[in-house]
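This report refers to the structure that appears directly beneath it.
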Amino acid sequence: MNTDMSTAMIRVKLPAHLRKLAQVDGEVELHVEGEATQCSVLDALEARYPTLRGTMRDHGTGRRRAFVRFFACEQDLSHDPPDAPLPDPVVRGVEPFLVVGAMAGG
Amino acid sequence: MSGVRVLVGTRKGAFVLTSDGKRERWDVSGPHFAGWEIYHVAGSPAEPNRLYASQSSGWFGQLIQRSDDGGTTWQPVGNEFTYDGVPGTHQWYDGTPHPWEFARVWHLEPSLSDPDTVYAGVEDAALFRSGDGGQQWEELRGLREHGSGPHWQPGAGGMCLHTILQDPRDPGRLHVAISAAGVFRTDDAGKTWRPVNRGLQSEGIPDADAEVGHCVHNLARHPSRPDVLFMQKHWDVMRSDDGGESWHDIGGNLPTDFGFPIDVHAHEPDTVYVVPIKSDSEHFPLDGQLRVYRSRTGGNEWEPLTNGLPQSDCYVNVLRDAMAVDSLDSCGVYFGTTGGQVYASADAGDSWAPIVRDLPAVLSVEVQTLT
């Protein structure tokens, strides 16, 4: 268990289009204050890379875009409440939080 | 040395094609924003190196990109397009109410005088404006809320505001076109609007000459004669001589009056170009022959332009924003196809040659004349 819950180091894997938009290679490492949730991780991600605002969730409502999904630890977290705690391996930095473009098309 | 820069939006990125005034040899740059749909790229008439691009994806939504060096480098700017107030409903395809939902920016229209002011026509139909180079966007809500909005319905491509015309005499006057609602005009810089569709007749709506509901595909005008407007409607090529107050049919001898783009020669206000398409159910040229039609009489009398264009087995389409003209002494005409070709004519349409043949499907073509 992560004994220091005030700050977590979260590894985030972005899809290729968003990596290019954010001008990053490979994974992004984010220090997330407080409890690590989908919402707090995305807040931190958008704060560091403002160009990603609106690409994963709607500006106004904060809702996940329909063709974006969130995976971690071989689970689909897309429909979890945005404020639900992320799995412990993600919080400990053992597993990444995956932002995925939904499989669609050929 | 004069030259031209052709801005091409495609299903999978943007391309910038440049040439000197002869328009014989071309440099091709791109793809910019590879893999994204680029509905439109437009340059500022006031500062030609200022470009704006609409970048979108069904997965990751809408972005606006801006270049300050003629398309060499780009920076994402603001992408928050929020309808002002509660947007309500429009008609869905079956006539039932459907909530207004932002999908994408179809068309960007930089101001004639200020590089930092740019209009955006969006789906679901609305008009936005930025006064700070695209960082912040504000809806001109008077259009959507002028009263007929609940009766607007989507065309096959979505309910999009795709055409924005600025009046060179009066910055307060704009015409916009919406598919499928029609043409709307403001005389007070977007505060109030009214439909200007008298004379249009459309199948597919209960009242063929209704005030709104017409599937207007594109509008064009010559800057020297701002009150003369040309329209390619779903079916019908139309003309107004009074700023849109009334319209009359100028299809004349066209082999079909269905089509998408329409444009006007840079130096001859009565020379008009269209690309006839077989029908609304068969979106390709008649008989597999890609032909631009030109009228030198402001409509009614049309001649086919075929020299250099494929005259057999051609089944591409030319979309509404995919035709443009330059303003060099010998007016250049350009269009892109859904087959990925961009054709250019340096002699006002008499002869054509492809600049590129194998781009992704072309969504839009704009041209800047550089001096």
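The values are calculated or read from the model by the stated rules, or taken from the named source; none is laboratory data. Please read all numbers here as calculations on a predicted model, not as lab measurements. Cβ sites come from the backbone with ideal geometry, for glycine too, and all protein chains shown count toward neighbours. When the accessible area is computed, the model is the full protein with side chains, heavy atoms only, and any ligands, DNA or RNA have been set aside. Shrake-Rupley method; radii C 1.70, N 1.55, O 1.52, S 1.80 Å.
Side notes on the structure shown:
- Peptides B:133-144, B:318-329, B:90-101 ordered by packing proxy, namely the average of other Cβ atoms within 10 Å per residue, highest first: B:318-329, B:133-144, B:90-101.
- Shape category assigned to chain B from the gyration tensor of Cα positions, a/c cut at 1.5: rounded
- With the highest mean first, a sort of the peptides B:29-37, B:248-256 on other beta-carbon atoms found within 10 angstrom per residue produces B:29-37, B:248-256.
- Of B:S240, B:S281, A:S40, the residue with the largest accessible area leads and the full order is B:S281, A:S40, B:S240 (1.4 Å probe).
- Environment charge of A:M103, counting only residues whose C-beta is closer than 13 Å and scoring Lys/Arg +1, Asp/Glu -1: 0
- Estimated [θ] at 222 nm from DSSP helical runs (n ≥ 4, -39500 (n - 2.57)) normalised by residues in chain B, nearest 500: 0 deg cm²/dmol
- Relative contact order computed over chain B (Cα-Cα under 8 Å; 6+ residues apart), in percent: 12
- The Cα atoms of region B:237-371 give a gyration tensor whose axes a ≥ b ≥ c have a/c of 1.5 or more with a/b no greater than b/c, which makes the shape oblate.
- Karplus-derived 3J(HN,Hα), 6.51/-1.76/1.60, for each residue of region A:40-56, Hz, glycine and proline x: 5, 5, 5, 4, 5, 5, 5, 5, 6, 10, x, 5, 7, 4, x, 8, 10
- Efficiency of FRET from Cβ geometry, B:H151 and A:D58, R₀ 35 Å, rounded to 0.05: 0.85
- Under Karplus coefficients 6.51, -1.76 and 1.60, residue-wise ³J(HN,Hα) of region B:273-279 in Hz, glycine/proline x: 10, 9, 10, x, 10, 3, 6
- Probe 1.4 Å, all protein chains present, accessible-area order of B:Y52, B:Y315, largest first: B:Y315, B:Y52
- Computed extension length for B:Q311-B:D114: 66.6 nm, one decimal, from 0.36 nm per residue of separation with the Cα-Cα distance subtracted.
- Inter-part distance, region B:185-246 to region A:65-106, computed on C-alpha centroids, equals 48 Å.
- Take the accessible area of chain B alone and of chain A alone, subtract that of the pair, and you get about 1200 Å² summed over both chains, using a 1.4 Å probe.
- Value of Rg to Rh for region B:253-331 (Rh from inverse mean 1/r over Cα pairs, i.e. Kirkwood): 0.96
- Options B:F284, B:W193, B:G35, ranked by Cα towards positive dipole end of the protein assembly as shown, top entry (Cβ charges): B:G35
- Estimated inter-spin distance, A:C39 and B:R198, nm [label 7 Å along Cα→Cβ]: 5.5
- Legend: mean number of C-beta atoms from other chains within 10 angstrom of residue C-beta atoms, peptide A:53-61, equals 5.
- Rounded to the nearest 20, the Cβ-based charge dipole of the protein assembly as shown about its Cα centre (Lys and Arg +1, Asp and Glu -1) stands at 600 debye.
- Its Cα centre serving as origin, region B:74-116 has a Cβ charge dipole (Lys and Arg +1, Asp and Glu -1) of approximately 140 debye.
- Rolling a 1.4 angstrom probe over the protein heavy atoms with all chains in place gives chain B an accessible area of 37 Å² per residue.
- In this Cβ point-charge picture (+1 for Lys and Arg, -1 for Asp and Glu), chain A has a dipole of about 540 debye about its Cα centre.
- Each of B:Q135 and B:T73 was given a label point 7 Å from its Cα along the Cα-to-Cβ line. The distance between the two points is 1.8 nm.
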